[in-house]
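J.: Have a look at this one before I ask anything.
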Amino acid sequence: MALCFFSLNMKKRIIQIGFLIILLIVIYVRISHEKSKPLKETRLALGTFVTIDIQEKNRQNREIIDSVFSIIQIYEKQFSLTYPKSETNRINNSENSILISEDMQDILMISKQISNETEGAFDITVGKIINLYDFANETIPSIEEIDSALVYVGYKKISCIDSELFKDDPTIFIDLGGIAKGFIVDKAVTYLKQKGITQAVINAGGDLFVMQNPEKDVWKVGIQHPRNPSALFGSVEVRDIAVVTSGDYEQFFMKDGKRIHHIIDPQTGFPSYNSISVTVIAPNTTIADALCTALFVMGPEKAIKLVNHKDDIEALIVFENNGELCYVFSNNFDKYNFTLIDSTAQFRKDIQ
Ligand code: ADP
Ligand code: MG
């Protein structure tokens, strides 16, 4: 009897252990399945929404995304004007010369290259003027204030020799808002590639880098409509490339019927009205970002002329003419299968 009772207990135990093992296997399979899922995450960074979308199934996706956001935050603290101790603010508070980091040397070198190519349409010393516009309180500077600040604007007023930056005048003030986002996206892409990721998209509020698409050859990327926040202007099909859009709708307020926005013509100190939105497609996000801001200021004719001389860069310029929405694009822009969504927009062939 006792023996029989003991073996019944044993059976129960074996069944319980069996269930436990099955349960553990189910949990393990679920966890490992979860861990190897594609992962997409959006966080607030760089003054906008940043999305990292890793499409491939990778067990380290969570770790990688966290690291990418940490990298973004480190660079934001280095370049942004909002952090009092940022390297940019140290430069702005310095006297005539200061030692700078390698990343700062790189970003300043690319800035200068784009300034030279665009005859100063891109100019980080425009920071002196941008400071005069108060977007939060919707106030604009007087002509006198602009004129006295313009004295300190000019990309040739700063120069670098190795790790030393020289300012012609201590009051010169740089603002990397037109290039830093692209530079940081490129750093994030480099990190993803180092981690073996080949199928991902990074979108930092309109500064996009798309890698490969796991399902199709290309990604279809929507281009924001500059006058309708809930609509697209068009779309392109791309892979392994940066797609950057800058527009006068990103940061603006209306004053006496005029749109006061954040892309400034360094020649005049006023917002530029030559374009309303520019999209650049290029292999490098840093260059695409800076060039986008510059092309905006240059306006459609000059912008298209410049881009048509570059083999690996294409651009779409949207502008207004007598109240009509017009657009033009560079010679090979169509290789990205551009599809116009706003059919009311006029294609200006004459400008090409
Ligand atoms: P975003 O994508 O954030 O809208 P953009 O790439 O369009 O930014 O650049 C706009 C920012 O660049 C402004 O907020 C300002 O910091 C800076 N900026 C404005 N005008 C110029 C200019 N002509 N050259 C260089 N930087 C500029
Ligand atoms: Mg830019």
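The values are calculated or read from the model by the stated rules, or taken from the named source; none is laboratory data. Here the structure is a predicted model, which is why all the values come from computation and not from measurement. Neighbour counts run over all protein chains shown; Cβ positions are idealised from the backbone, glycine included. To get the accessible areas, we keep the full protein, side chains included, count just its heavy atoms, and leave off ligands, DNA and RNA. Shrake-Rupley method; radii C 1.70, N 1.55, O 1.52, S 1.80 Å.
J.: If you go through region 182-193 one residue at a time, do you hit one that is away from ligand 2 (no atom under 12 Å from the Cβ), at positive phi, open to solvent by 10 Å² or more (accessible area, probe 1.4 Å) and of a type in the set (Asp, Glu)?
T.: No, region 182-193 contains no residue that is away from ligand 2 (no atom under 12 Å from the Cβ), at positive phi, open to solvent by 10 Å² or more (accessible area, probe 1.4 Å) and of a type in the set (Asp, Glu).
J.: Any residue in region 341-349 that is open to solvent by 60 Å² or more (accessible area, probe 1.4 Å) and of a type in the set (Ser, Thr, Tyr)?
T.: Checking region 341-349: at least one residue is open to solvent by 60 Å² or more (accessible area, probe 1.4 Å) and of a type in the set (Ser, Thr, Tyr).
J.: Is it the case that GLY182 is farther than 20 Å from SER94 by Cα and in contact with a helix residue (DSSP H, G or I) (Cβ under 7 Å, 6 or more places away or on another chain)?
T.: Yes; evaluated as a whole, the condition is true for this residue.
J.: Separate question: Would you mind stating whether HIS309 is free of Cβ contacts under 8 Å to residues at least 60 places away in the same chain and either within 14 Å of ligand 2 (Cβ to nearest atom) or open to solvent by 10 Å² or more (accessible area, probe 1.4 Å) (or both)?
T.: Criteria met by HIS309.
J.: For region 233-256, give me each residue that is more than 16 Å from ligand 1 (Cβ to nearest atom), within 19 Å of the chain's Cα centre (by Cα) and among the charged types (D, E, K, R).
T.: Scanning region 233-256 gives GLU237, ARG239, ASP240.
J.: To continue, here is another question. Name, by its number, the condition in (1) touching a strand residue (DSSP E or B) at 6+ places or on another chain (Cβ under 6 Å); (2) away from ligand 1 (no atom under 16 Å from the Cβ); (3) of a type outside the set (Lys, Arg); (4) open to solvent by 20 Å² or more (accessible area, probe 1.4 Å) that does not hold for SER230.
T.: Of the numbered conditions (1) touching a strand residue (DSSP E or B) at 6+ places or on another chain (Cβ under 6 Å); (2) away from ligand 1 (no atom under 16 Å from the Cβ); (3) of a type outside the set (Lys, Arg); (4) open to solvent by 20 Å² or more (accessible area, probe 1.4 Å), the odd one out for SER230 is (1).
J.: Something else: Which number in (1) open to solvent by 10 Å² or more (accessible area, probe 1.4 Å); (2) farther than 22 Å from SER115 by Cβ marks the one condition that MET211 misses?
T.: Here MET211 clears every test but (1).
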